[in-house]
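Reading through the structure tokens given below for one structure.
The values are calculated or read from the model by the stated rules, or taken from the named source; none is laboratory data. Fair warning: this is a prediction, and the values are worked out from it, not measured in the lab. FYI the Cβ positions are ideal-geometry reconstructions off the backbone, even for glycines, and counts take in every protein chain you see.
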Amino acid sequence: MSSLVRPLNDSLAYILCPGCRDNGNPNVNLQRDNAIGARSPFRCPVNASHVYDGAQLTALGAAMVPASEIVMEQPDPRSMAYKIFLLPATWERFNQKFKGRVHITIATLLEALIDGQFLIITGEDAAKLKAKGLNNSQQILAALDGIAKLESDLETANARLGRLMEIMKAAGAGT
Ligand SMILES: [Zn+2]
């Protein structure tokens, strides 16, 4: 299984430059000035006039780099890379949706496929299940158990009704 590690870089602040943001370039990662006693410890690698201290960054509403961009997925060291063929749009959407857990998701999916203990429901059927509030296997199983219980309750009720009819018949009711 792969694991998640944080390859934090000491020279990066993981805060986005508010000056560049205001210039229409929102993704510039500020650098940390690690010199002891630096008055403005955050410096922009793009524009030398963008230097800030923490209070200024707060006042300017500087955004943190999203954690999903910092946490890089580290594949299982025993694993190997293989070439597979996908449409570029599929790969891009998969990476967006499973950012930081791309490799573990693929590995888990492939292992489940091999095991055969696997059920894929997609498209219209999945939409119908979701419309009924069934979003995962536990909910679907609970619904099936509920139906089975209803059926057995109905059988019990029918059996009681049948017995009642016999008693009434024996008592000459309706004749
Ligand atoms: Zn800047």
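So for the stretch 12-27 (the condition being of a type in the set (Ser, Thr, Tyr) and away from the ligand (no atom under 16 Å from the Cβ)), does at least one residue qualify?
Checked the stretch 12-27: no residue is of a type in the set (Ser, Thr, Tyr) and away from the ligand (no atom under 16 Å from the Cβ).
Could you tell me whether the stretch 63-85 includes any residue that is surrounded by 11 or more Cβ atoms within 10 Å (Cβ to Cβ), in contact with an Asp or Glu (Cβ under 9 Å, 6 or more places away or on another chain), under 30 Å from Pro26 (Cβ atoms) and in contact (Cβ under 8 Å) with a residue 24 or more places away in the chain?
Checking the stretch 63-85: not a single residue is surrounded by 11 or more Cβ atoms within 10 Å (Cβ to Cβ), in contact with an Asp or Glu (Cβ under 9 Å, 6 or more places away or on another chain), under 30 Å from Pro26 (Cβ atoms) and in contact (Cβ under 8 Å) with a residue 24 or more places away in the chain.
Taking the condition modelled with pLDDT under 90 and touching a helix residue (DSSP H, G or I) at 6+ places or on another chain (Cβ under 6 Å), does Gly100 pass?
When the stated conditions are applied, Gly100 passes them.
Among the listed residues Arg32, Arg39, Arg93, Arg43, which satisfies the condition of being surrounded by 10 or more Cβ atoms within 10 Å (Cβ to Cβ) and modelled with pLDDT under 90?
The unique qualifying residue is Arg32.
Gly100 versus (1) in contact (Cβ under 8 Å) with a residue 40 or more places away in the chain; (2) on the phi < 0 side of the Ramachandran plot: which is the lone unmet condition?
That leaves (2) as the condition not met.
For the stretch 28-45, enumerate the residues that are within 15 Å of the ligand (Cβ to nearest atom) and of a type outside the set (Ser, Thr, Tyr).
Across the stretch 28-45, the qualifying residues are Val28, Asn29, Leu30, Gln31, Arg32, Asp33, Pro41, Phe42, Arg43, Cys44, Pro45.
Would you pick out the residues in the stretch 58-86 that are touching a strand residue (DSSP E or B) at 6+ places or on another chain (Cβ under 6 Å), assigned to a loop (DSSP other than H, G, I, E, B) and modelled with pLDDT of 80 or more?
Hits for the stretch 58-86 are Ala62, Ala63, Val65.
Can you name the residue in the stretch 46-104 that is within 16 Å of the ligand (Cβ to nearest atom) and β-branched (Val, Ile, Thr) and is also nearest to Leu12 (Cα to Cα) among such residues?
Restricting to residues being within 16 Å of the ligand (Cβ to nearest atom) and β-branched (Val, Ile, Thr), the top hit is Val65.
To keep it simple, each residue is scored yes or no on (1) among the aliphatic types (A, V, I, L, M); (2) under 30 Å from Ala35 (Cβ atoms).
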residue: Glu69; (1), (2): no, yes
residue: Arg78; (1), (2): no, no
residue: Tyr82; (1), (2): no, no
residue: Pro88; (1), (2): no, no
residue: Ile104; (1), (2): yes, no
residue: Asn135; (1), (2): no, no
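Which of the residues belonging to the stretch 132-175 are at positive phi and surrounded by 10 or more Cβ atoms within 10 Å (Cβ to Cβ)?
Within the stretch 132-175, no residue meets the criteria.
Can you say whether Leu129 is surrounded by 10 or more Cβ atoms within 10 Å (Cβ to Cβ) and either outside the structural domain of Leu12 (by TED's automatic domain parsing) or more than 16 Å from the ligand (Cβ to nearest atom) (or both), as far as the supplied structure shows?
yes
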